[in-house]
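For reference, the structure is listed below as C-alpha cells.
Bear in mind that the values in this text are calculations on the coordinates, not laboratory data. From a predicted model like this one, the values you see are computed outputs, not experimental measurements. Reconstructed Cβ throughout: ideal geometry from the backbone, glycine too, with neighbour counts over all protein chains shown.
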Amino acid sequence: MTIIEPNGYMYKFVTGTWNPISGKCPHRCPYCYMIKPDGELPPLHLREKELNGEFDENDFIFIGSGTDMFAEQVPSEWIRRVLDFCVTASSTLFSANQIKFLHQSNNPARILEFTDHSIFKGGQVVACSTIETNRHNSDYMGKAPLPQKRAEAMALLAKQGIRTYETVEPIMDFDLEEMIALIRECIPEQVNIGKNSKDFITLPNPTP
C-alpha cells in the first residue's frame, strides 16, 4: 500500500492520499491536476498490489485523489474490493473508527450505491463532492454530472447519517444566491475553497 503525504494547501486535514484505482478519469475535467498538457494517462485499472498492508492509527486517508473512484465507468467490483480492504486493513487496531476515509467524487450519486457497505456504518467515511460553480459548462467541467445533481446526491448521503464535506475548487464565476443554496443543500460539515492552479487553462474566474 502506497500512502503519499499531501503536498498541497487545500486538504491539510488529511494525513495521506491513496490511489488503489488509477488511470484516465472518465470525467476529463480539463482543470484536473492529473491532466498534463504533454502526456496521456493509462486506462482505468485496479492496482492489485495496493490492496495489501495496514493503515496507521488516526489516519485520515483521501482515497482516489488521482481519479474519480465513483465514476460510472469504474466497475462496482473494484469499488467493493477497495471498501472491503479499508475494513480489513483497519480491523486490527484498537478502534477502527479512529481511521477516517475521505471519498471525493464528482458523481456522488454513485456513492449512494455502496452505503450498504459496513465501512459506511461506523462513521469512518466522509463523503465529499466538488461544486465549482452553479453554472454548468461542459467546456470546463468535462463529462461530470450537473452541479445540481451532485448537490441532490450529497443531500441524500447526509440524510443517511454520512458526514459530508463540500469543495469549491477551482472556484469559477457563479451566482451568489444560487451557489450558496447548492452548498447548503449538501448539508456539509466543512466547505473547502480553492482557485485554479493550472497555468495552461483559463477558467471563468470570479472577481477577488
For this session: Run the numbers on the chain and let me know its relative contact order in percent, using alpha-carbon pairs under 8 Å that are six or more apart.
Result: 19
Exercise. Loop-only check: which GluC sites (Glu not before Pro) in region 153-208 are DSSP coil with at most 13 other Cβ within 10 angstrom?
Worked result: E189
Exercise. Add -39500 (n - 2.57) for each DSSP H run of 4 or more in the chain, then divide by its residues: what number comes out at 222 nm, to the nearest 500 deg cm²/dmol?
Worked result: -6000 deg cm²/dmol
For this session: Would you kindly state the longest site-free stretch of the chain, with sites defined as chymotrypsin sites (Phe, Trp or Tyr not before Pro) in a DSSP loop (not H, G, I, E, B) surrounded by at most 15 other Cβ atoms within 10 Å?
Result: 95-199
For this session: Calculate, in whole percent, how much of the Cα-Cα pair population of region 16-193 lies beyond 25 Å.
Result: 32
Seminar exercise, completed: A109 neighbourhood, Cβ < 11 Å, K/R = +1, D/E = -1, net charge 0
Seminar exercise, completed: Everything considered on the Cα gyration tensor (a ≥ b ≥ c; rounded for a/c under 1.5, else prolate if a/b is larger than b/c, else oblate), region 118-208 must be described as prolate
Exercise. Where Lys and Arg each count +1 and Asp and Glu each count -1, what net charge lies around T2 among other residues with Cβ under 15 Å from its Cβ?
Worked result: -4
